[in-house]
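For reference, the structure is listed below as structure tokens.
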Amino acid sequence: MVSDVHGNARDLARAGEGADALICLGDLVLFLDYADHSRGIFPDLFGVENADRIVELRTARRFEEARALGARLWAGIEEDRAAVMEKAVRKQYAELFAAFPAPTYATYGNVDMPRLWPEYAGDGITVLDGQRVEIGGWTFGFVGGGLRTPMRTPYEISDEEYAAKIEAVGEVDVLCTHIPPEVPELVYDTVARRFERGSRALLDAIRRTRPRYSLFGHVHQPLVRRMRIGATECVNVGHFASSGRPWVLEW
């Protein structure tokens, strides 16, 4: 089980060793590495100094200034912005999807571009979003993407659309999502020093349907990585980009 891969194809290629299946909870793309500002699409295009500055602005929650800086930088790129971004994302996807073992079950993160996934998800890779699948006799439900934020990442959806996908999944043994339930200890990032968006609909579903596990990622350095909500074990499976280690679920 991995989440928040953010370009770490090297470790991803080994993540499924010895497992019956690999589950990926999204965020394959690396736009900007907040720990190493020299890595990602942004510094490749605009340099490390600008990456340093935009991280500083975002960390200070000065999102309007960060967007203004981004707009000025993009204005200096002669090619179409969408085309430049898609080319960079495609380069990462080609490497990352090639590293997935078979079978892999995956859903989208908030920085992913779902419309491109069908081109790269080959045999043995099953993509699910608002859907269920049986693995080893247990039912797994998958809901991808994130909720809308001032960051405006590529795959953010409304609370209503997200809640509808949670509802479509229904009762499962393992509820797999990119974002966590809306619990302060699970959504606060201790390094970024901010609360990320969690889902109230997901929290309500956990309390109502009582899955064995709720598994998620999204928050890279959470205040708490694991806690129980009633009968459900809630686990942040980790920031795979930095750790290179999968979280293992056995039953």
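Of all the residues in the stretch 73-115, those that are part of a helix (DSSP H, G or I), over 19 Å from Y155 (Cα atoms), open to solvent by 50 Å² or more (accessible area, probe 1.4 Å) and at pLDDT below 95 number 1. Got at least one residue in the stretch 22-35 being under 22 Å from the mean Cα position of the chain (by Cα), part of a loop (DSSP other than H, G, I, E, B), without any contact (Cβ under 8 Å) to a residue 40 or more places away in the chain and over 30 Å from L128 (Cα atoms)? Among the residues of the stretch 22-35, not one is under 22 Å from the mean Cα position of the chain (by Cα), part of a loop (DSSP other than H, G, I, E, B), without any contact (Cβ under 8 Å) to a residue 40 or more places away in the chain and over 30 Å from L128 (Cα atoms), which makes the answer no. Restricted to strands (runs of 3 or more DSSP E) entirely inside the stretch 116-182, no element has at least 2 residues that are open to solvent by 10 Å² or more (accessible area, probe 1.4 Å), of a type outside the set (D, E, K, R) and touching a residue at least 40 places away in the same chain (Cβ under 8 Å). In the stretch 183-199, of all residues being β-branched (V, I, T) and open to solvent by 60 Å² or more (accessible area, probe 1.4 Å), the one that is modelled with the lowest pLDDT corresponds to V191.
Scan the stretch 205-226 for residues that are open to solvent by 50 Å² or more (accessible area, probe 1.4 Å) and in contact with a helix residue (DSSP H, G or I) (Cβ under 8 Å, 6 or more places away or on another chain) and jot them down. Within the stretch 205-226, L223 is the sole residue that qualifies.
Going by the structure shown, is V183 within 24 Å of A241 (Cβ to Cβ) and out of contact with any helix residue (DSSP H, G or I) (no Cβ under 6 Å at 6 or more places or on another chain)? For V183, the condition - within 24 Å of A241 (Cβ to Cβ) and out of contact with any helix residue (DSSP H, G or I) (no Cβ under 6 Å at 6 or more places or on another chain) - is met. Tally time: how many residues in the stretch 195-251 are under 21 Å from W138 (Cα atoms) and of a type in the set (F, W, Y)? Looking only at that region, the number is 4. For L45, the requirement of being open to solvent by 20 Å² or more (accessible area, probe 1.4 Å), in a helix (DSSP H, G or I) and of a type outside the set (D, E) is met.
The values are calculated or read from the model by the stated rules, or taken from the named source; none is laboratory data. Predicted model only: the values in this text are computed from it and were never measured. All Cβ positions, glycine included, derive from the backbone under ideal geometry; neighbour counts span all protein chains shown. Areas reflect the complete protein model, heavy atoms only, side chains present, ligands, DNA and RNA absent. Shrake-Rupley method; radii C 1.70, N 1.55, O 1.52, S 1.80 Å.
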